[in-house]
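Structure first, commentary second.
The values are calculated or read from the model by the stated rules, or taken from the named source; none is laboratory data. Since we're looking at a predicted model, the values are computed, not measured. Just the protein is used for accessible areas: all its heavy atoms, side chains included, with ligands, DNA and RNA removed. Shrake-Rupley method; radii C 1.70, N 1.55, O 1.52, S 1.80 Å.
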Amino acid sequence: MGGNTFHFQGFSLSQEGCGMRISTDGILLAAWAMPSVCPARAIDLGAGTGLIAFLLAKRFPSLPIDAFEIDPPSASCLRRNLENYPYMHSIRVIEGDFVTLYPKCYATSVVDLIVCNPPYYSEGPATRHPSRELARYSRSLATSEIFESAAYLLPPEGKLAMITPYDQRNKLITEAYSRGLRLSRAMAVVTIEGKAPKRLLSEWVPTCDVPPVTISQLDTLTIRNRDNSYTDEYASYVAPYYLKERKKEC
């Protein structure tokens, strides 16, 4: 995925000026969270280049999607990407702070799917790139704020899907439950066969007074075999999205 342009089936995305570049995390999240039935409205929270919004729109051309992006250079990158996208009419770019904007944006609208590849780290070294810092550090969008907004927006059948570090799993369960959400399903992501899980794909739904649960046994997705080749399972996840001639390069 070198360079500033990434090619998918049916569209290409520029990464020029975007704080969060396209990664395996975003593609896995989009594939894992893809609903079987078209939602009423979806939110791509922290949209970056627009990867998740674009993949949702490709699967459901009539689905209204709001792509929230707080970082102005990243929002500009997203708008440029939309210019040549066949399903651009279904994606609305909203630039600004989601936590401030969502009560006004959805006073009367139904949102039943939120997909978020959130900032992972609570703190870290400063960089020369403010956009990169916004994308990496949770001071711009904490998981507690994501859960609180999702609990406000989602109807009983609504879903929030995220990808986060695996070692945050129990903290997330407690944090979500205190804000009205519970874990519905999850998958551990292992980067190389034999290593400990690195990421957690998780889906959260309104609690309906169901007690919180802990993660005991999880389905696991392994990305690479010990010889560094891609596993068949991972290849099947990304096959619908990557260009076929580039499948082995993902």
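3J(HN,Hα) along the stretch 10-26: x, 6, 10, 10, 7, 10, 4, x, 8, x, 10, 6, 5, 9, 4, 4, x Hz, from the Karplus curve 6.51 cos²θ - 1.76 cosθ + 1.60 with θ = phi - 60°, whole Hz, x for Gly and Pro.
Available extension along the chain between Arg226 and Ala107 is 37.8 nm, counting 0.36 nm per residue and deducting the alpha carbon span. Among Ser144, Ser74, the sequence by solvent-accessible area, most first, with a 1.4 Å probe is Ser144, Ser74. For the stretch 11-129, the fraction of C-alpha pairs more than 23 angstrom apart is 26%. Taking one quarter of the surface of the convex hull spanned by the alpha-carbon atoms of the stretch 1-40 gives a direction-averaged projected area of 3.9 nm².
Taken over the stretch 38-78, the convex hull of the Cα atoms encloses 55 Å³ per residue.
Arg21 contributes about 100 Å² of solvent-accessible surface, heavy atoms of the protein only, 1.4 Å probe.
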